[in-house]
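Read the structure below first, then the notes.
The values are calculated or read from the model by the stated rules, or taken from the named source; none is laboratory data. As the structure is a prediction and not an experimental result, all values here were calculated from the model. Backbone-built Cβ (ideal geometry, glycine too); neighbour counts: all protein chains shown. Surface accessibility is based on the protein's heavy atoms, side chains included, excluding ligands, DNA and RNA. Shrake-Rupley method; radii C 1.70, N 1.55, O 1.52, S 1.80 Å.
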Amino acid sequence: MTALVIENLEKVYTDTYTGDEVVAIGDVSFGVEQGEFVSVLGPSGCGKTTVLNTVAGFVRPTSGTVSVDGREVGAPGPDRGVVFQGHALFPWKTVLGNVVFGLRMKGVKRREREERGREYLELVGLAGFENRYPHELSGGMRQRLGVARVLANEPAVMLMDEPFASIDAQTRRRLQEDLTRIFEERRPTVFFVTHDIDEAVFLSDRVVVLSQRPSTVQEIVTVDLPRPRSWRTAVDDPGFRETVARINGLLAVDADRGQESGDRGPGDDGGGTDAG
Ligand SMILES: Nc1ncnc2c1ncn2[C@@H]1O[C@H](COP(=O)(O)OP(=O)(O)OP(=O)(O)O)[C@@H](O)[C@H]1O
Ligand SMILES: [Mg+2]
């Protein structure tokens with residue numbers, strides 16, 4: 001079953017200062033199957049966050065539609081869980097309190113929600129930290145708590161916008177492996193935004209490669225890398241290297257095209273291939 005469908009999405013923003021119109025998303029269509037991990041990849045400013053925010057219901061499309069489980073998205077809702085870049089935890093609540101908050105809102109009984117909360121903390125490697133507060137955790141741990149909190153609500157689609165961007169490279173690798181293991185165990189439906197090619201390929205079943213602004217789908221690349229995945233095996237996997245190279249090529253050609261036609265430069269095209 002298709003959990004998320006984006007059809008002919010277009011988004012035009014009006015610049016608050018100049019009044020100019022900015023066409024962020026030209027025409028974007030793709031779907032995410034239930035239990036599938038799909039990443040959206042593209043140069044900086046191409047509209048990745050805008051696509052995610054439209055799915056979350058924070059941004060209204062100019063035209064086109066977004067539906068989750070067959071229902072058109074009009075506003076934020078508990079069927080879509082967003083993992084923010086670590087700033088959305090309640091600092092006055094304990095780790096367990098943060099994880100069970102959504103369940104409490106849904107009216108789940110205390111015993112059951114604490115049981116479920118502990119289960120998800122265990123899953124992300126935070127067992128034993130139930131009674132700590134967010135400020136007592138490292139950045140990586142807070143990110144894992146953000147993941148646990150969204151997973152505990154069992155949303156139809158989990159939305160993640162560069163959740164590991166501000167984390168050091170080594171910890172990031174660990175978090176990517178953690179997320180992969182959790183995905184392989186639980187099979188949530190994940191919509192992940194990144195400009196790091198290696199990260200997208202390592203995590204995903206399919207990668208949606210966007211062009212520069214106004215963005216369109218350049219290509220949807222299927223990742224042929226067996227699961228369970230780990231960085232140790234991925235870096236030597238010819239399929240992994242080939243897919244990374246192919247996406248690198250797509251983005252480079254797109255960047256050249258943008259320069260030739262006198263558009264804005266390629267910006268940070270996230271040639272973020274920090275894999276050794
Ligand atoms: N609220 C807004 N008002 C006006 N313009 C906006 C707004 N939000 C985004 N934009 C513009 O839309 C375009 C796409 O922005 P968006 O944040 O979606 O890109 P992105 O691909 O996520 O970039 P990055 O990789 O840097 O995170 C950019 O040119 C941005 O300046
Ligand atoms: Mg963004």
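Test VAL28 against the stated conditions and say whether it is β-branched (Val, Ile, Thr), away from ligand 2 (no atom under 14 Å from the Cβ), out of contact with any Leu (no Cβ under 6 Å at 6 or more places or on another chain) and modelled with pLDDT of 95 or more.
Answer is no for this residue.
What are the residues in region 193-240 that are basic (Lys, Arg), surrounded by 15 or more Cβ atoms within 10 Å (Cβ to Cβ) and more than 16 Å from ligand 2 (Cβ to nearest atom), if any? Give the derivation first.
Step one: of region 193-240, the residues basic (Lys, Arg) are 206, 213, 227, 229, 232.
Going one step further and asking which of them are surrounded by 15 or more Cβ atoms within 10 Å (Cβ to Cβ), we end up with 206, 213, 229.
Within region 193-240, ARG206, ARG229 meet the criteria.
Out of THR180, THR243, which single residue is among the β-branched types (Val, Ile, Thr) and open to solvent by 10 Å² or more (accessible area, probe 1.4 Å)?
So the residue among THR180, THR243 that is among the β-branched types (Val, Ile, Thr) and open to solvent by 10 Å² or more (accessible area, probe 1.4 Å) is THR243.
Taking THR14 as meeting all but one of (1) within 27 Å of ARG181 (Cα to Cα); (2) exposed (fewer than 15 other Cβ atoms within 10 Å of the Cβ), write down the number of the exception.
Result: THR14 passes all but (1).
Could you grab me the full set of residues in region 168-197 that are farther than 19 Å from LEU121 by Cβ, away from ligand 1 (no atom under 16 Å from the Cβ) and not hydroxyl-bearing (Ser, Thr, Tyr)?
Matches in region 168-197: ASP168, ALA169, GLN170, ARG172, ARG173, GLN176, ARG187, VAL190.
State yes or no: is LEU41 more than 10 Å from ligand 1 (Cβ to nearest atom) and either under 12 Å from LEU210 (Cβ atoms) or at pLDDT 95 or above (or both)? Even if it seems obvious, please write down each step before you answer.
Working: more than 10 Å from ligand 1 (Cβ to nearest atom): no; either under 12 Å from LEU210 (Cβ atoms) or at pLDDT 95 or above (or both): yes.
Considered against the rule, which asks whether it is more than 10 Å from ligand 1 (Cβ to nearest atom) and either under 12 Å from LEU210 (Cβ atoms) or at pLDDT 95 or above (or both), LEU41 comes out as no.
Does VAL59 meet the test of being of a type in the set (A, V, I, L, M, F, W, C), near ligand 1 (Cβ under 10 Å from one of its atoms), at pLDDT 95 or above and over 14 Å from VAL217 (Cβ atoms)?
Taking the combined requirement at face value, the residue satisfies it.
If you check every pair at least six apart or on different chains, which have Cβ atoms under 7 Å apart with a residue in region 29-51 that is farther than 16 Å from THR216 by Cβ first and a residue that is part of a helix (DSSP H, G or I) second?
PHE37/PHE183; PHE37/LEU203; SER39/ALA200; SER39/LEU203
Has region 191-205 got any residue that is part of a helix (DSSP H, G or I), at pLDDT below 95 and touching a Ser or Thr at 6+ places or on another chain (Cβ under 6 Å)?
There is no residue in region 191-205 that is part of a helix (DSSP H, G or I), at pLDDT below 95 and touching a Ser or Thr at 6+ places or on another chain (Cβ under 6 Å).
Looking at LEU41, LEU4, can you tell me which residue is touching a Ser or Thr at 6+ places or on another chain (Cβ under 8 Å), of a type outside the set (Phe, Trp, Tyr) and away from ligand 2 (no atom under 16 Å from the Cβ)?
Testing whether each residue is touching a Ser or Thr at 6+ places or on another chain (Cβ under 8 Å), of a type outside the set (Phe, Trp, Tyr) and away from ligand 2 (no atom under 16 Å from the Cβ) leaves just LEU4.
Please determine whether any residue of region 17-32 is away from ligand 1 (no atom under 14 Å from the Cβ), more than 30 Å from PRO228 (Cα to Cα) and surrounded by 19 or more Cβ atoms within 10 Å (Cβ to Cβ). Before you say what the answer is, go through the steps one by one.
Initially, region 17-32 is screened for residues away from ligand 1 (no atom under 14 Å from the Cβ), giving 27, 29-32.
With more than 30 Å from PRO228 (Cα to Cα) added as a condition, the list becomes 27.
If we keep only those that are surrounded by 19 or more Cβ atoms within 10 Å (Cβ to Cβ) as well, we get none.
The answer is no; no qualifying residue exists.
Would you check which residues across region 58-84 are small (Gly, Ala, Ser) and surrounded by 18 or more Cβ atoms within 10 Å (Cβ to Cβ) and list them? Steps first, please.
Within region 58-84, the subset small (Gly, Ala, Ser) is 63-64, 67, 70, 74-75, 77, 81.
Residue satisfying the conditions is GLY81 alone.
Given the criterion touching a Pro at 6+ places or on another chain (Cβ under 9 Å) and of a type in the set (Asp, Glu), identify the matching residue among ASP69, ASP79.
The unique qualifying residue is ASP79.
If you check every pair at least six apart or on different chains, which have Cβ atoms under 6 Å apart with a residue in region 121-133 that is within 13 Å of GLY146 (Cα to Cα) first and a residue that is hydrophobic (A, V, I, L, M, F, W, C) and open to solvent by 40 Å² or more (accessible area, probe 1.4 Å) second?
Taking only residues 6 or more apart or on different chains, the pairs are LEU121/ALA127.
With the condition being surrounded by fewer than 18 Cβ atoms within 10 Å (Cβ to Cβ) and modelled with pLDDT of 90 or more, I'd like the helices (runs of 4 or more DSSP H) fully within region 85-171 carrying at least 1 qualifying residues.
Helices (runs of 4 or more DSSP H) meeting the threshold: 95-105, 110-123.
Considering region 27-60 alone, what residues qualify as being assigned to a strand (DSSP E or B) and more than 26 Å from VAL244 (Cβ to Cβ)?
Matches in region 27-60: ASP27 only.
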